[in-house]
Amino acid sequence: MVNETERGSRRNFIKLMSAAGGAMATLPLINLPAFAQENIESVIEKNYPLMKLPYPTNALEPFLSSKTIAQHYQQHHKAYHNQLTAYLRVNPEYSKYTLVDLIQKTKGGILLEDALHNFSALLWNHNFYWNSLKSKGGIAPAEKSSLTKRIVQIYGSTEKFKEKFKEKALKIGIGWVWLIKVKNDIQILRTEYSGAPVPSPYQPLIGIDVWEHAYYMDYGADREKYVDAYLNSIANWDFAEANFT
């Protein structure tokens, strides 16, 4: 459930990143020749394209409203993309990396690298999250899914798995919950704020965004209801199964 401490932490985190990102975004490219600017733009477009939603904004109703999806994508996902690419335009030496490589190479850095890490991780997370959702989704039965069959072997039942997943999702704070594969083991991983499940020995299978903006307009402070809807009705199990196999 969401409380005032969580809201305050979220506001402070966003304010800090937005302030830094806004300052960098205003820096001109006057020190770069025109041909170099054009080259940077092509590299950024190649390595950091803005992902399009894989479905209409109303595709997940009634579980996630068109308003929620549109605002989440337009005001949050696009903002992370814009902030990241603004940094890259004035620090073009970083633009040669893939998104996952950038996450890895800037982890643990300070100032510029810390901002690059946060925005690149948030962008990767959102790309993965949109693919983790689908209409008429939810956990498939074990007889139709090798992933579900493995989950039942590990957790005893899909209901027990849901309980463990919800424990991570309902923990106080904001962030993400992932179902991951480590060799032949299946684990539930929670990351805070901009934490991403890459790069690592993990293979992410599916994920859920538990920042307030992902569900608040539809569920208010009832995060549990949002997580239930995700697990039962809109989790893209085909995507998870493909990643598992």
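Each reported figure results from applying straightforward, stated rules to the coordinates on display, with no laboratory input. Remember, it's a predicted structure, so these values are computed and weren't measured experimentally. All Cβ positions, glycine included, derive from the backbone under ideal geometry; neighbour counts span all protein chains shown.
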Next item on the list: Kindly rank 229-240, 91-102 from highest to lowest mean number of other beta carbons found within 10 Å of each residue.
Entry: 229-240, 91-102
Notebook entry, point to check: Kirkwood-based Rg over Rh for region 163-245 (C-alpha set), two decimals?
Noted result: 0.96
Next item on the list: Per residue, how big is the convex hull around the C-alpha atoms of region 37-76? Give it to me in cubic angstrom, could you?
Entry: 77
Checklist line | Pairwise label distance in nanometres, residue 112 with residue 78, each label 7 Å out on the Cα-Cβ vector | finding: 2.9
Check: Given R₀ = 30 Å, FRET efficiency for residue 213-residue 167 by Cβ-Cβ distance, to 0.05?
Finding: 0.85
Notebook entry, point to check: Under a Cβ-Cβ cut-off of 11 Å, what is the net charge of the residues other than residue 147 that fall near it, where Lys and Arg count +1 and Asp and Glu count -1?
Noted result: +2
Checklist line | Calculated from backbone phi, Karplus (6.51, -1.76, 1.60) coupling profile of region 138-152 in Hz, x at Gly/Pro | finding: x, 5, 6, x, 4, 6, 10, 9, 5, 5, 4, 4, 5, 4, 5
Check: Given H placed 1.01 Å from N in the peptide plane, which residues other than close sequence neighbours of residue 175 have an amide H under 5 Å from its amide H?
Finding: 193, 210, 211
Check: Where in region 129-171 does the amide nitrogen come within less than 17 Å of the point 7 Å from the Cα of residue 58, taken along Cα to Cβ?
Finding: 135-136
Notebook entry, point to check: Using the Karplus equation 6.51 cos²θ - 1.76 cosθ + 1.60 (θ = phi - 60°), what ³J(HN,Hα) coupling, rounded to whole Hz, does each residue of region 49-64 give in order, writing x for Gly and Pro?
Noted result: x, 7, 5, 8, 4, x, 7, x, 5, 9, 5, 9, 5, x, 7, 9
